[in-house]
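Single-structure report; data block below.
The values are calculated or read from the model by the stated rules, or taken from the named source; none is laboratory data. In this text, all values refer to a predicted model and were calculated from it rather than measured experimentally. Cβ atoms come from the backbone with ideal geometry, glycine included; neighbour counts cover every protein chain shown. Side chains are part of the model used for accessible areas, which takes the heavy atoms of the whole protein and leaves out ligands, DNA and RNA. Shrake-Rupley method; radii C 1.70, N 1.55, O 1.52, S 1.80 Å.
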Amino acid sequence: MSDGLKLPKFSVGVGDRFAHQAKAQLAACVKAAESGVEVVPVWNKSNREHTIIGSDPNQTRSEADAAVKELRWTSPYFLDADHINLKTVDRFIAPCDFFTLDVADEIGKAAKPEDVEAFVARHPELVGEVTIPRIDAPFQTDETFVKGVANKFLAAVQDAGKIYRYLVEKKGEGNFVPEVSMDETDAPQTPVELLIILAAIADEKIPIQTIAPKFTGRFNKGVDYVGDVPQFTKEFEEDLAAIAFAIKTYGLPDNLKLSVHSGSDKFSIYEAIYNGVKKFNAGVHVKTAGTNWLEELIGLAESGGEGLEIAKEVYREAYAHSDELRAPYATVIDIDDAALPKPEEVDGWTSEQYTSALRHDQSNPAYNPSFRQLLHVGFKVAAKMGPRYLSALEANEDVIAKNVTENLFERHIKPLFLGV
Ligand SMILES: [Zn+2]
């Protein structure tokens, strides 16, 4: 397929709700380079977040460009229109060069029977004993199974094709990196389903460079992975094998790699990701944007004074409007209401009490994942504070930046890309 813009082997989805931390995020990538591994930043902010805050993708672009210039970053960097579809893509077209085509809504919608028939006829290799190199036992499938999977995903892949072709029309082929995401669906996709989906994507001629399946287990926002780690490890490696096989068999771009969404803070699977990627000499993209807003709050709380006041106020308001704030994220958070402190209690907290409850340090007994998740979805409260919140970010930039860089480098990049 065409030689256009190419996403390097290792990349990290960064970004923050208020477009203030690009430099601090890029500083973590600079540290990675100094440690001997190129991890390129992809600034992403989903349409959902832009809508909730009332921001615009052009702001993310200016912030990213300014950071790159200031830190003299010479490796590639990208701007991701995260989770877009045909209805929402337009304002992302000019500023973005990476597009996450979200087809979750189409998954499960029946495809045209003749399209399903044609797909199965075109792919006899998917029926019967399917041997994928480096997966121990072959998968056993039959026509009914392949038809079932095709029926579940074909309409979604065709929809991705429509968005892709629209983007080609607007931006030109090779001028952007396409990703297909299916993470925000009910059921995880198995490795053999992933292979069938990749065959359909190749048929649709989408030169995808990243694919975001839904993995087994829970990927809640801002907190650790909840699930069976050995099972995740097995499926992650089988996905890597399926991708390598699909690149060869279907002529997909040779840099095609997995994209792990809601990838921040999933500390218990980072070792499995690092090992799997190394074993298969594969690349990986991990989206971590969500964690940065919490580092802002930690930085504000740590600064004390007005910063700490704002952090407390964000919690008070988030607590009061909890239902409304949780609704858009209902499937990706697990908050235990009984574990949430009352705002009156938090009002009396010191900087240290606040940051101990919020910072993702599982060895700290005061760490409170419910408190953290409620604040994770509470950025709308800060958006409503407007200039007051933004000036606090600027007044406390040093403390916040230190937290943002350290969290991204120490807790994310190191275990994911350096294996330490
Ligand atoms: Zn996602």
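Positive-end ranking of Pro41, Leu240, Tyr389 along the dipole of the chain, with charges on Cβ about the Cα centre, is headed by Pro41. Applied to region 268-275, the Karplus parametrisation 6.51 cos²θ - 1.76 cosθ + 1.60 on θ = phi - 60° returns per-residue 3J(HN,Hα) values of 6, 10, 5, 5, 5, 5, 4, 5 Hz, with x for Gly and Pro. Considering helices alone, the calculated mean residue ellipticity of the chain at 222 nm is -15000 deg cm²/dmol, with DSSP H runs of length four and up weighted by -39500 (n - 2.57) and normalised per residue.
For region 129-165 and region 172-227, what is the separation of their Cα centres, given in Å? Value for the Cα centre distance between the two parts: 12 Å.
Within the straight-line cut-off of under 19 Å between alpha carbons, the aspartates and glutamates reachable from Lys248 are Asp3, Glu125, Glu129, Asp136, Glu179, Glu193, Asp203, Glu204, Glu237, Glu238, Asp239, sequence neighbours fewer than 8 places apart in one chain being disregarded. Each of Asp361, Asp323, Asp142 has its accessible area taken with a 1.4 Å probe; listed largest first, they run Asp323, Asp142, Asp361. Here the gap between Asp334 and Lys109, fully extended at 0.36 nm per residue and compared with their Cα-Cα distance, gives a gain of 78.2 nm. Over 21 Å between C-alpha atoms is what I'm after, so list which of Lys23/Lys257; Lys109/Lys221; Lys279/Lys414; Lys152/Lys278 land there. Lys23/Lys257; Lys109/Lys221; Lys152/Lys278, as the Cα separations exceed 21 Å there. Subtracting the Cα-Cα distance of Glu352 and Thr233 from 0.36 nm times their residue separation leaves 39.2 nm of extension gain.
Here the convex hull built on the C-alpha positions of region 309-361 has a volume of 92 cubic angstrom per residue. Take every pair of alpha-carbon atoms less than 8 Å apart whose residues are at least six positions apart; their mean separation over the length of the chain yields a relative contact order of 18 percent.
The C-alpha radius of gyration of region 230-369, expressed as a fraction of 2.2 N^0.38 Å, stands at 1.37. Across the alpha-carbon set of region 265-339, the Rg to Rh ratio works out to 1.12, Rh being the Kirkwood radius. Pairwise Cα separations in the chain fall into 10 Å bins from 0 onward with the following percentages, short to long: 5, 22, 32, 25, 12, 4, 0. A quarter of the convex hull surface defined by the alpha-carbon atoms of region 64-156 gives 9.8 nm² as the mean projection. Rolling a 1.4 Å probe across the protein heavy atoms gives the chain an accessible surface of 40 Å² per residue. The value of relative contact order for region 339-400, using C-alpha pairs under 8 Å at least six residues apart, is 23 percent. Between the Cα long axis of helix 113-122 and the first principal axis of the chain there is an angle of about 70°, rounded to the nearest 10. Computed from the C-beta positions of Val420 and Asp254 and an R0 of 41 Å, the FRET efficiency is 0.90 to the nearest 0.05. Taking 1.567 mPa s as the viscosity and 4 °C as the temperature, the Stokes-Einstein diffusion coefficient of region 119-264 based on its alpha-carbon Kirkwood radius rounds to 81 µm²/s.
Only Cα pairs within less than 10 Å get springs; with that Gaussian network setup on the chain, which residue of Glu235, Glu70, Glu271 has the largest fluctuation? Highest fluctuation among the options: Glu70. Our estimate of slack between His321 and Asp398, defined as 0.36 nm per intervening residue step minus the Cα-Cα distance, is 24.7 nm. Here the chain has 50 percent of its accessible surface on carbon and sulfur atoms, given a 1.4 Å probe and all protein chains in place.
The value obtained for region 1-86, namely the Cα convex hull volume divided by the number of residues, is 108 Å³ per residue. For the chain, modelled as a GNM whose springs connect Cα atoms under 10 angstrom apart, the maximal fluctuation among Glu302, Glu143, Glu406 occurs at Glu143. Among 305-317, 47-59, sorting by the average number of other beta carbon atoms lying within 10 angstrom of each residue, highest first, gives 305-317, 47-59. The alpha-carbon of Lys342 sits under 21 angstrom from the alpha-carbons of these lysines, leaving out residues fewer than 8 places away in its chain: Lys312, Lys380.
From the alpha carbon centroid of region 349-388 to that of region 253-316 is 14 Å. If R0 is taken as 60 Å, the Cβ-Cβ distance between Arg134 and Leu390 corresponds to a FRET efficiency of 0.75. Counted by Cβ distance under 14 Å from Ser363, the other residues give a net charge of -1, where Lys and Arg count +1 and Asp and Glu count -1.
Which percent of the Cα-Cα distances in region 311-399 go past 16 Å? Summing the P(r) of region 311-399 above 16 Å gives 56 percent of all pairs.
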